[in-house]
1. Output the residues belonging to segment 8-43 that are assigned to a loop (DSSP other than H, G, I, E, B), at pLDDT 95 or above and closer than 18 Å to SER98 by Cβ.
2. Name the residue that is most open to solvent (accessible area, probe 1.4 Å), counting only residues in segment 29-58 that are within 16 Å of CYS95 (Cβ to Cβ) and among the β-branched types (Val, Ile, Thr).
3. Can you name the residue in segment 59-76 that is buried (at least 18 other Cβ atoms within 10 Å of the Cβ) and of a type in the set (Val, Ile, Thr) and is also nearest to VAL5 (Cα to Cα) among such residues?
4. Can you tell me which residues in segment 1-20 are under 12 Å from MET82 (Cβ atoms) and either open to solvent by less than 50 Å² (accessible area, probe 1.4 Å) or under 14 Å from the mean Cα position of the chain (by Cα) (or both)?
5. Which number in (1) open to solvent by less than 60 Å² (accessible area, probe 1.4 Å); (2) within 17 Å of SER109 (Cβ to Cβ) marks the one condition that GLY26 misses?
6. If you scan segment 87-104, which residues turn out to be loosely packed, with under 15 Cβ neighbours inside 10 Å, part of a loop (DSSP other than H, G, I, E, B) and out of contact with any helix residue (DSSP H, G or I) (no Cβ under 8 Å at 6 or more places or on another chain)?
7. Does any residue in segment 49-65 that is over 14 Å from ARG38 (Cα atoms) come within less than 8 Å, Cβ to Cβ, of a residue that is open to solvent by less than 20 Å² (accessible area, probe 1.4 Å) and outside any strand (DSSP E or B) six or more places away or on a different chain, and which pairs are these?
8. For segment 73-95, state whether one or more residues are without any contact (Cβ under 8 Å) to a residue 40 or more places away in the chain and at positive phi.
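The values are calculated or read from the model by the stated rules, or taken from the named source; none is laboratory data. Because the structure is predicted, anything quoted here is derived from the model rather than measured. Using ideal geometry, Cβ is built from the backbone for each residue, glycine included, and neighbour counts are taken over all protein chains shown. The accessibility values were calculated without ligands, DNA or RNA, using every heavy atom of the protein model including side chains. Shrake-Rupley method; radii C 1.70, N 1.55, O 1.52, S 1.80 Å.
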Amino acid sequence: QVQLVESGGGLVQAGGSLRLSCAASGRTLSSNIMGWFRQAPGKEREFVAAINWIGSTYYADSVKGRFTISRDNAKKTVYLQMNSLKPEDTAVYYCAASLGVVVTTTPHSYQYWGQGTQVTVSS
């Protein structure tokens, strides 16, 4: 079993930065694909970024160039550095882990989820 706990969300002005963390406990996740998703009110959960076990990264077009995903396997932690934040980035951000071998952008491909952390960007 895997437990994921996100932290680092909050309220920030447009143009500001936040760094989200996702701490994992339970089985090791060093060989797993880790992803970040977000869900705004009234919208479906959407892919933000993912990183595989060799450190290859993948981003949604909407965040490319502004967000950076990284992982520290020794600390069992995944990070999402978010720069140049926009009001449209406002959402609950979720960390997720996949047992698959290919990075996907669909939520149902991820078996483990955190409880989410709120990010609010004011204009």
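1. Of everything in segment 8-43, nothing turns out to be assigned to a loop (DSSP other than H, G, I, E, B), at pLDDT 95 or above and closer than 18 Å to SER98 by Cβ.
2. Result: THR57.
3. The selected residue is ILE69.
4. Across segment 1-20, the qualifying residues are GLY8, GLY9, GLY10, VAL12, GLY16, LEU18, ARG19, LEU20.
5. Of the numbered conditions (1) open to solvent by less than 60 Å² (accessible area, probe 1.4 Å); (2) within 17 Å of SER109 (Cβ to Cβ), the odd one out for GLY26 is (2).
6. Within segment 87-104, the first condition is being loosely packed, with under 15 Cβ neighbours inside 10 Å, and the residues that meet it are 87-88, 99-102.
From what is left, the residues that are part of a loop (DSSP other than H, G, I, E, B) are 99-102.
Within segment 87-104, LEU99, VAL101, VAL102 meet the criteria.
7. The qualifying pairs are TRP53/ASN32.
8. Checked against the condition, which is being without any contact (Cβ under 8 Å) to a residue 40 or more places away in the chain and at positive phi, segment 73-95 yields no hits at all.
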